[in-house]
Amino acid sequence: MSTETAAAKRAPAVYGRGVTPYLYILPAFLVFVPFVIVPFLRAIQLSFFEWDGLNPREWVGFGNYRDAFTDPLVQTSFVNAFELVLFIGVMPVCIGLVLASLSASVRVPGDAAFRTMIFLPQVIAGVVIGVTWRWIVAPDGPLNETLRAVGLGRFAKTWLGDSTWALPTIGVIGAWATTGLCVALFHAAIQQIPQSLYEAAAVDGAGRIRSFFAVTLPSLRGPIAVALTLTVIGALRTFDLIFITTRGGPGTSTYVPGMLIYNRAFGTNVNVGSSAAIAILLSILVFGVALLIRRIGERRT
Amino acid sequence: MLVRRGNRVATFALLATVALITILPIASVLMLSFHESNAQVRGFDLPDRPHFETYRNAWTTARFSTFMWNSVQISVLVVVSSVVISVLSGYAFGTMRFRGSNALFNVLLFGMIVPYEAVVVPLYHDLKWANLVNTHWSVVLPLLGTNVAFGTYWMRAYFRTVPPALIEAAAIDGAGSFRTLWKVLLPGGRPAVLTLTVLVFMWSWNEFLLPLIMLSSDDLRTAPLGLPYFSTRYSTDRVGLAAAAVMVALPIVVVFVALQRSFVNGITAGAVKE
């Protein structure tokens, strides 16, 4: 960061005169403003109306927000999203930390190939991951058949059709899809830690576990904050996976804000205003999480 | 020495286990897709021989040839335009000083963290008013908007690493700003452009929410949007659905295997943006 700002100060202003720079950025803003910024402002506006999407809309002030705070389905959705944060947000970061720090301290054959495999779900579309896991956890799918084969058949169940197990199952699927990102992030960051720090810790008599907590973890503060921001926001925004697996069911057990925004805007009993209000609440939550994690990441560095 | 060996064994075992857990579901769905169509497959049943009928059925009867072609058209259009637009604006933000550049760049950064769920609903109604809903434009233009925000950020970071002396020298030689960009700066920026290209390709190919909302006629569906179409229409054909899913994932997986470094570097370095 410091080198970047230094470079910026040295940056020449050779072509910075007149309209030239504005001509270069014009095409970007021509697609960015009408298709990202304006619709976001329109979402804020729509959240103050009651509107079925067809007939004239009616100003209701903060009514949609008031309703959102008392609507049990909204509460369920956000509570479910928070539960997904534990799985998709926290679990991959922990697994990633352990894997990356282990594989940085000793070289094992095939470690690069293993990391590539672990990364693979990152590039696969959410709907494909959903279709894949719908098969894995199907009543006669590989997971249940394996449980039966090893004599644990009493644990076999219809994972996505059981209102107790559906949400944790989706959480595990999300964690499965996200772990590779954390491993790659931490693996890249660990390479940057000076070896001398580990040597100093070893001189002080620290073992592997002590030096993990004394050296690795503090040095990874920034990358952990980055990883948590991505995974927590990803968890709060879960949509594709749920749309293709449970659509929020059974009952409302896997309902999440994204599903609610979609259904209120395009399902039956359309209320665009309510949908927009929930979308704005989700946005505030996402911005808040991003700021909070950044604060924590910056402290003591 | 003994402790060392123990470490190595534990590390290997753990890495191999997580890799196996990652690969097994993918391998299992691949196996499923090679069964006969409508076969009653259980667990890890292997096909007697690889069958390709389901791929043929998904390609023709279930119209995946159309869906894949739609995705190719949309992705190519989005990739080419976003890369060109991002190079131009990243160049300005990275090498030029102009009034309002910080404020404008911060607006772009803000756009990168806006949850897209909050944008699509008003966008749908405004595009409907403009008669663009249910055309590929209603997917292409919003995708351009989001990708250009990241792309500008990404290319600006590259242009800032270029030594200012290089740009000054080009200017002294009488090169105009566009000539400097094209002849002097872009050749060294190939890795950055390649990474941006593969990331934008992945994001536009995999996009689901936008086409789900914007496209209603089956002729216009993209490949990911073909999967819910398939599973409502042929709800009992699990083998066919598996084949369709493999087809949707394949183009990106192929690019990933070929250009791993660009992907991993891009996703990890791009993540630091937040």
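Test of understanding: among B:Pro228, B:Pro251, B:Pro224, which residue is open to solvent by 30 Å² or more (accessible area, probe 1.4 Å) and under 22 Å from the mean Cα position of the chain (by Cα)?
After ruling out the rest, the residue left standing is B:Pro251.
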### Task
Tell me, yes or no, whether segment A:171-185 has at least one residue that is outside any helix (DSSP H, G or I) and in contact with a helix residue (DSSP H, G or I) (Cβ under 8 Å, 6 or more places away or on another chain).
no
### Query
Here is a list of conditions, (1) more than 10 Å from chain A (Cβ to nearest Cβ); (2) open to solvent by less than 40 Å² (accessible area, probe 1.4 Å); (3) closer than 30 Å to A:Leu236 by Cβ; (4) not hydrophobic (A, V, I, L, M, F, W, C), and B:Gly90 meets all of them except one; can you say which number that is?
(1)
## Note on the structure
Inside segment B:122-150, the number of residues satisfying the requirement of being more than 7 Å from chain A (Cβ to nearest Cβ), part of a helix (DSSP H, G or I) and touching a residue at least 12 places away in the same chain (Cβ under 8 Å) is 8
### Query
Is it the case that B:Val119 is part of a helix (DSSP H, G or I), surrounded by 15 or more Cβ atoms within 10 Å (Cβ to Cβ) and free of Cβ contacts under 8 Å to residues at least 60 places away in the same chain?
yes
### Query
Where residues in segment B:204-219 are outside any helix (DSSP H, G or I) and modelled with pLDDT under 95, which of them is least open to solvent (accessible area, probe 1.4 Å)?
B:Ser217
### Residues being in contact (Cβ under 8 Å) with a residue 60 or more places away in the chain, in a helix (DSSP H, G or I) and open to solvent by 30 Å² or more (accessible area, probe 1.4 Å) - total across segment B:161-203
6
### Message
When you scan segment A:86-103, do you find a residue that is touching a residue at least 24 places away in the same chain (Cβ under 8 Å) and over 30 Å from B:Val257 (Cα atoms), even just one?
### Response
yes
### Criterion (at pLDDT 95 or above, among the β-branched types (Val, Ile, Thr) and over 29 Å from A:Ala43 (Cβ atoms)) met by exactly one of B:Val76, B:Val83
B:Val76
### Task
Would you mind telling me which numbered condition in (1) facing another protein chain (nearest Cβ under 8 Å); (2) surrounded by fewer than 18 Cβ atoms within 10 Å (Cβ to Cβ) B:Leu241 fails?
(2)
### Query
Which residue, of B:Val29, B:Val18, B:Val9, B:Val41, is within 30 Å of A:Phe114 (Cα to Cα) and either part of a loop (DSSP other than H, G, I, E, B) or charged (D, E, K, R) (or both)?
B:Val41
### Message
Looking only at segment A:26-50, filter to residues that are more than 9 Å from chain B (Cβ to nearest Cβ) and more than 27 Å from the chain's Cα centre (by Cα); which one of those is farthest from A:Ser283 (Cα to Cα)?
### Response
A:Glu50
#### Entry: Residue check, B:Ser65 surrounded by fewer than 17 Cβ atoms within 10 Å (Cβ to Cβ), in the same structural domain as B:Leu181 (by TED's automatic domain parsing) and out of contact with any strand residue (DSSP E or B) (no Cβ under 6 Å at 6 or more places or on another chain)
yes
### Task
Would you be able to tell me the number of residues in segment B:227-238 that are more than 10 Å from chain A (Cβ to nearest Cβ), touching a residue at least 60 places away in the same chain (Cβ under 8 Å) and assigned to a helix (DSSP H, G or I)?
2
### Task
Output the residues belonging to segment A:74-110 that are crowded, with 18+ Cβ neighbours inside 10 Å, part of a helix (DSSP H, G or I) and facing another protein chain (nearest Cβ under 8 Å).
A:Ile95, A:Leu99, A:Leu102, A:Ser103
#### Entry: Condition met for B:Ala16 (open to solvent by 10 Å² or more (accessible area, probe 1.4 Å) and either touching a strand residue (DSSP E or B) at 6+ places or on another chain (Cβ under 6 Å) or modelled with pLDDT of 90 or more (or both))
yes
### Query
Right, A:Leu147: more than 7 Å from every other protein chain (Cβ to nearest Cβ), hydrophobic (A, V, I, L, M, F, W, C), touching a Phe, Trp or Tyr at 6+ places or on another chain (Cβ under 6 Å) and assigned to a helix (DSSP H, G or I) or not?
yes
### Task
Search segment A:190-227 for residues being facing another protein chain (nearest Cβ under 10 Å) and more than 21 Å from A:Leu292 (Cβ to Cβ), and hand back the single one that is surrounded by the most Cβ atoms within 10 Å (Cβ to Cβ).
A:Arg208
### Summary
Within segment A:111-153, the residues that are open to solvent by 20 Å² or more (accessible area, probe 1.4 Å), without any contact (Cβ under 8 Å) to a residue 12 or more places away in the chain and not hydrophobic (A, V, I, L, M, F, W, C) are A:Thr116, A:Asp140, A:Glu145, A:Thr146, A:Arg148, A:Gly151, A:Gly153
### Task
For B:Thr222, state whether it is modelled with pLDDT of 90 or more, among the polar types (S, T, N, Q) and not assigned by TED's automatic domain parsing to the domain that holds B:Ser37.
yes
### Query
Taking helices (runs of 4 or more DSSP H) that do not extend beyond segment A:202-301, which have at least 3 residues that are in contact (Cβ under 8 Å) with a residue 12 or more places away in the chain?
A:221-236, A:240-245, A:257-266, A:272-298
### Task
Residues being buried (at least 19 other Cβ atoms within 10 Å of the Cβ) and charged (D, E, K, R): count how many of those fall in segment A:253-301.
1
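The values are calculated or read from the model by the stated rules, or taken from the named source; none is laboratory data. Owing to the predicted nature of the structure, the values given are computational and were not obtained by experimental measurement. Note: ideal-geometry Cβ built from the backbone for every residue, glycine included; neighbour counts use all protein chains shown. Side chains are part of the model used for accessible areas, which takes the heavy atoms of the whole protein and leaves out ligands, DNA and RNA. Shrake-Rupley method; radii C 1.70, N 1.55, O 1.52, S 1.80 Å.
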